[in-house]
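Read the structure below first, then the notes.
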Amino acid sequence: MMTRLIGTPSISCVRDELDMSNEPVIDHLANWLDSAGFSTRKQAVSRGKFNLIATLGKGSEGLVLSGHTDTVPCDEALWQSDPFQLTERDGRFYGLGSCDMKSFLAMALHASQDFDFSKARHPLTLVATADEETTMNGARLLAENDQPLGRYCVIGEPTSLTPIREHKGIIMELIRFRGQSGHSSNPALGNSALEAMHEFIHQLLDYRAQLQQQFRNEAFAVAQPTLNLGHIHGGDNPNRICGECELHIDLRFLPGMQIEELRDGIRNLARQVAARRGLQVEFNALLNGVPAMHTRSDSDINEFLQEVTQRQSQSVAFGTEAPFYNQMGTETIVIGPGSIDQAHQPDEFLPASQIEPTISLLKNLIQRYCFR
């Protein structure tokens, strides 16, 4: 199953020429799950993009095992082996999606086959989502439907089998000032968007300092919210007054901070600069926003996974689909094989030594939350 999933490209990308449908991956999973006795439902997310929801057993408030079916793009020339062919060497399985995170879906299906679900008290639901690497629209659609799929959920992102109960949220914003170009010999002929951006960046860094003074969570390796100035472009020639300037930023925020409040704070700063200087300002959410994740430390699934793994649950900076499950009232922990350090780079790999422990962990979860 891992070989088939990794051999079926399903790249998700904001660039249309690289973006792919995930339907072939969904169809592979649906065929296997149907054969294994699951009741499957294919859910259209957008053109060429689908979720798959597969349930085994009767009742309610069961266990959800969830993973995304898409991968990031890759540069094949930088790989030592074909990224779309699962390759084993030196105790590792190499391939695009090997740890992030197609392999988890295969392991979850494999783990389910050791149980007689006619005797289950609660159902097992496997969920495969679309576009986690870009919009997270697959998980957003699940949350918008507001129909909890289970009481507890595990998302198998690569965490080296360490439970994760918190992560930061993310927003990515485009801010564009439009002024008036003109000959640089006479400043009165134009209105510089670049100078406005200079003032805005100064205001933005003050805003970042205020957030970092106000919010802190020592559970995170980087205990404060971060704001990165990632891309800037303005003007076209040194002897022309800059008529347009654009900035892209990334803000990663702590649990308890709200997306819309942060977005409004940034945009209001830009509007004030534009008003003072007589410019226009435009905004675009490059990422609609991923909420911060927080699952209670005394949640049963958090305490159970700490006991089984003998590892304290942790907090991380990268985002996942977990907050969308939490929004539905499903208590969610992120835990899976492989390391995030190997994701999104050439020669992504999954340690072979983590496959059996992952399957064993999943069987423990199924036993506890479907049969107890």
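The values are calculated or read from the model by the stated rules, or taken from the named source; none is laboratory data. Computed from a predicted structure; not experimentally measured. Please note: Cβ atoms are built from the backbone with ideal geometry, for glycine as well, and neighbour counts cover all protein chains shown.
When residue 268 is tested against (1) within 16 Å of the chain's Cα centre (by Cα); (2) surrounded by fewer than 20 Cβ atoms within 10 Å (Cβ to Cβ), exactly one condition is not met: (1). When restricted to residues that are of a type in the set (A, V, I, L, M, F, W, C) and in contact with a Leu (Cβ under 8 Å, 6 or more places away or on another chain), region 136-150 contains 2.
Cβ-Cβ distances below 9 Å connect the following pairs, each with a first residue in region 321-341 that is without any contact (Cβ under 8 Å) to a residue 40 or more places away in the chain, a second residue that is crowded, with 19+ Cβ neighbours inside 10 Å and assigned to a loop (DSSP other than H, G, I, E, B), and a separation of six or more residues or different chains: 326/291; 326/295; 341/158. When residue 319 is tested against (1) over 30 Å from residue 174 (Cβ atoms); (2) in contact with a Gly (Cβ under 9 Å, 6 or more places away or on another chain), just one condition goes unmet, and that condition is (1).
Per-residue answers, yes or no, for (1) in the same structural domain as residue 65 (by TED's automatic domain parsing); (2) under 26 Å from residue 49 (Cβ atoms); (3) assigned to a loop (DSSP other than H, G, I, E, B); (4) not hydroxyl-bearing (Ser, Thr, Tyr):
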| residue | (1), (2), (3), (4) |
| --- | --- |
| 118 | yes, no, no, no |
| 125 | yes, yes, no, no |
| 134 | yes, yes, yes, no |
| 141 | yes, yes, no, yes |
| 157 | yes, yes, yes, yes |
| 162 | yes, no, yes, no |
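For (1) surrounded by fewer than 18 Cβ atoms within 10 Å (Cβ to Cβ); (2) of a type outside the set (Ser, Thr, Tyr); (3) touching a Ser or Thr at 6+ places or on another chain (Cβ under 7 Å), each residue gets a yes or a no:
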position	(1), (2), (3)
86	no, yes, yes
97	no, yes, yes
108	no, yes, no
115	yes, yes, no
119	yes, yes, no
126	no, yes, no
134	yes, no, yes
137	no, yes, yes
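In the set (1) over 23 Å from the mean Cα position of the chain (by Cα); (2) under 24 Å from residue 217 (Cβ atoms); (3) among the aliphatic types (A, V, I, L, M), the condition left unmet by residue 262 is number (1). Inspection of region 234-256 identifies no residue that is among the aliphatic types (A, V, I, L, M), over 19 Å from residue 199 (Cβ atoms) and surrounded by fewer than 18 Cβ atoms within 10 Å (Cβ to Cβ).
I'd like the full set of residues that are in contact (Cβ under 8 Å) with a residue 60 or more places away in the chain and farther than 19 Å from residue 363 by Cα, limited to region 30-58. Passing the criteria: 43, 45, 46, 49, 50, 51, 52, 53.
From 36, 44, 77, which residue is among the small types (Gly, Ala, Ser) and closer than 19 Å to residue 141 by Cβ? Before you say what the answer is, go through the steps one by one.
Values: 36 fails: closer than 19 Å to residue 141 by Cβ; 77 fails: closer than 19 Å to residue 141 by Cβ.
44 is the lone residue from the list that is among the small types (Gly, Ala, Ser) and closer than 19 Å to residue 141 by Cβ.
For residue 329, the test of being more than 30 Å from residue 95 (Cα to Cα) and either modelled with pLDDT under 95 or among the small types (Gly, Ala, Ser) (or both) is passed. Considering 34, 19, 100, the condition of being acidic (Asp, Glu), at pLDDT 95 or above and in a helix (DSSP H, G or I) is satisfied by 34 alone.
If I filter region 57-84 down to residues being among the hydroxyl-bearing types (Ser, Thr, Tyr) and either at pLDDT below 95 or in a loop (DSSP other than H, G, I, E, B) (or both), which single residue comes out as surrounded by the fewest Cβ atoms within 10 Å (Cβ to Cβ)?
Applying the first criterion (among the hydroxyl-bearing types (Ser, Thr, Tyr)) to region 57-84 yields 60, 66, 69, 71, 81.
Add one more test, that the residue is either at pLDDT below 95 or in a loop (DSSP other than H, G, I, E, B) (or both), and what stays is 60, 69, 81.
Numbers: 60: 10, 69: 29, 81: 15.
Looking at the filtered set, the residue picked out is 60.
Against the list (1) surrounded by fewer than 16 Cβ atoms within 10 Å (Cβ to Cβ); (2) not in a strand (DSSP E or B), the condition residue 41 fails is (2).
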